[in-house]
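Let me begin by presenting the structure, written as structure tokens, before commenting on it.
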Amino acid sequence: PAGYNAHVVTGAAAGIAHAVAACLTGEQHEHVRYLPDTSRLQRDEVILDDGSDQRWNQNVLLTGAKVVLVGSPSEPMSPTTLRRAIGPRTAAVLLFSGYVDPHDLQLLAMVETSHQSAIPVIVDAAARLPPVSRLWQHTSAGADAVIFSGGKCVRGPQTSGFVIGKASLIRGARLNGCPNEAAICRAMKCSKEDIIGLVAALEVFVDEYGGLGDEFAARWEAVGTALIAKLAELPGTKAEFRDGPADIQPSSHRFVHVELAGAVTGEGQTRSGLYGDAVDHGNPLNVQPTSAVTAFVHHLANGSPRVCVNSTETGILINPQTLSFDELDVMVQRIADTRSVLIKSKWIRVPSLL
């Protein structure tokens with residue numbers, strides 16, 4: 001939108017730090033030199049919804065800002081509780097796009113509530129691309145800054161991200177980063193190679209997904225359908241689509257779930273929800289075999305070629321977005337070979353062998 005600009009950073013987490021720092025200092029060079037000491041600043045509090053994701057709070061705190069949590073997991077922040085929480089020290093409101101939709105009237109109301117007190121709203125939309133329209137939907141809803149990852153489905157450098165924000169906020173973000181020497185975000189230096197790589201990736205991303213609109217997952221569905229058909233030929237496996245949660249990366253779409261018939265249940269099988277051990281913000285190489293499912297994940301991740309999947313209570317979860325049609329036969333063979341290994345090690349019990 002008019003009046004907005006952009007800044008390339010070293011990932012979405014760095015984008016949080018840059019945006020928060022900009023809200024603390026504005027465009028005042030002297031204030032930039034203060035951080036992380038906020039004692040001489042008028043405002044140093046950032047409001048977050050305690051009902052949303054708390055994994056990224058450190059990126060707020062490293063600027064010197066104080067985190068003010070509003071709401072709870074059972075009762076997320078609302079415009080009313082936000083209004084009560086805003087005080088004379090409030091510098092910004094940070095929302096996570098996995099918990100607020102750009103079309104949600106609740107988001108519009110929270111933006112309006114914040115702006116009534118002249119408080120900027122930052123939206124972390126790191127994993128919300130595609131669709132391409134997300135590039136402007138949150139700003140059109142009034143957000144002062146929106147943060148995206150340059151990796152994930154954009155497929156740019158993994159150490160890249162970008163902030164789209166009001167021009168004054170972007171100027172403040174730049175002051176708090178490299179090449180300025182006395183700046184809290186100087187350590188998050190973005191290389192020229194990352195900048196060029198991100199811009200090139202964004203151009204390809206917009207060309208590839210721009211015309212698909214909300215049908216961006218059609219190709220992934222086709223890959224998943226083909227994978228399910230191939231897995232149906234394997235004995236002892238049942239494959240089907242499962243809906244992903246709203247905060248799935250890169251955006252909500254269906255996964256392929258492979259149920260393991262005869263799986264032996266071990267310790268740690270009381271997980272709830274879609275994700276278990278493996279690639280959901282973890283390291284699949286570190287998953288240890290305590291059950292048939294975790295043994296399956298372990299062998300897939302440590303074999304050749306490595307296959308990294310999520311686990312559920314009864315099987316594994318495969319993301320078709322990261323696969324090509326050419327890789328499906330390799331995937332199926334690895335699953336078949338791993339199942340054979342688990343049968344021999346008695347993690348999977350075959351009725352005819354009992």
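The values are calculated or read from the model by the stated rules, or taken from the named source; none is laboratory data. All of these numbers come straight from a predicted model, not from anything done at the bench. Don't worry about glycine lacking a Cβ; one is built from the backbone with ideal geometry, like all the others, and counts go over all protein chains shown. Please note that ligands, DNA and RNA were not included when accessible areas were found on the heavy atoms of the full protein model with its side chains. Shrake-Rupley method; radii C 1.70, N 1.55, O 1.52, S 1.80 Å.
Stretch Lys344-Glu240 to full length: gain in nm at 0.36 nm per residue minus the Cα-Cα span?
34.9 nm
Would you list, by chain and number, the lysines whose Cα falls below 25 Å from the Cα of Lys66, excluding same-chain residues fewer than 8 positions away?
In chain and number order, the partners are Lys166, Lys189.
What relative contact order, as a whole-number percentage, does the range 123-181 give when Cα pairs under 8 Å and 6 or more residues apart are counted?
That works out to 28 percent.
How much mean residue ellipticity at 222 nm does the chain get from its helices, if each DSSP H run of length 4 or more adds -39500 (n - 2.57) and you divide by all residues, to the nearest 500 deg cm²/dmol?
-10000 deg cm²/dmol
Rounded to the nearest 5, what % of the DSSP beta bridges within the chain are antiparallel ones?
Among the beta bridges of the chain, antiparallel pairing accounts for roughly 60 percent.
Note the full-extension length gain between Glu203 and Glu221 as 0.36 nm times their separation in residues minus their Cα-Cα distance, in nm to one decimal.
The Glu203-Glu221 span can extend by a further 4.1 nm.
Would you please give the FRET efficiency between Asn5 and Ala232, computed as 1/(1 + (r/R0)^6) with r the Cβ-Cβ distance and R0 = 56 Å, to the nearest 0.05?
0.65
Quick one: pull the percent of accessible area on the chain belonging to carbon and sulfur, 1.4 Å probe, ligands and nucleic acids left out.
Roughly 52 percent, rounded to a whole number.
Quick check: the angle from helix 192-209's long axis to the longest principal axis of the chain, C-alpha only, nearest 10 degrees?
Roughly 70 degrees between the two axes.
May I ask you to list the trypsin sites (Lys or Arg not before Pro) in the range 1-87 that are in a DSSP loop and have at most 12 other Cβ atoms within 10 Å of their Cβ?
Arg40, Arg55
If I take every Cα pair under 8 Å that is 6 or more residues apart in the range 69-168, average their sequence separation and divide by the length, what percent do I get for the relative contact order?
21 percent.
Run through the range 140-204 and list the GluC sites (Glu not before Pro) located in a DSSP loop whose Cβ has at most 10 other Cβ atoms within 10 Å.
Here the GluC sites (Glu not before Pro) that fit, given the DSSP loop and packing criteria, are Glu181.
How many nm is it between the label spots at Asp214 and Ala109, if each spot is 7 Å from the Cα in line with the beta carbon?
Result: 2.2 nm between the two label points.
I need the trypsin sites (Lys or Arg not before Pro) found in the range 109-204, filtered to DSSP loop residues with at most 14 other beta carbons within 10 Å of theirs.
Lys189
At Ser39 and Ser72, where each label point lies 7 Å from the Cα along Cα→Cβ, what is the point-to-point distance in nanometres?
Going by the 7 Å Cα→Cβ label model, 3.5 nm.
Scan around Val68 for amide H atoms under 5 Å from its own, H built in the peptide plane at 1.01 Å from N, and keep only partners 5 or more places away or cross-chain.
Answer set, sorted by chain and number: Val46, Ile47, Leu48.
Length gain on complete extension for the stretch Ser324 to Gln54, per 0.36 nm per residue less the alpha carbon to alpha carbon distance?
This chain segment gains 93.9 nm when fully extended.
Rounded to the nearest 0.05, what FRET efficiency do Glu259 and Arg186 have when you use their Cβ-Cβ distance and R0 = 30 Å?
Efficiency at R0 = 30 Å is approximately 0.05.
Could you do me a favour and compute the accessible area per residue for the chain, 1.4 Å probe, result in Å²?
Heavy-atom SASA per residue in the chain reads 46 Å².
Below 8 Å between Cα atoms, with a sequence gap of 6+, how large is the relative contact order for the chain in percent?
Relative contact order comes out at 16 percent.
In units of 2.2 N^0.38 Å, what is the alpha-carbon radius of gyration of the chain?
Normalised by 2.2 N^0.38 Å, the Cα Rg of the chain equals 1.11.
Please calculate the 1.4 Å probe accessible area of His31, with all protein chains present, and give it to the nearest 10 Å².
40 Å²
Over the range 137-214, what portion of Cα pair distances is larger than 15 Å, expressed as a whole percent?
I get 65 percent for the Cα pairs in the range 137-214 exceeding 15 Å.
What are the semi-axes of the equivalent ellipsoid for the range 1-119, taken as the square roots of 5 times the Cα gyration tensor eigenvalues, largest first, in whole Å?
After diagonalising the Cα gyration tensor, the semi-axes are 23, 16, 15 Å.
Taking Cα atoms, how many degrees apart are the long axis of helix 292-302 and the longest axis of the chain, rounded to 10 and kept between 0 and 90?
The angle comes out near 70 degrees.
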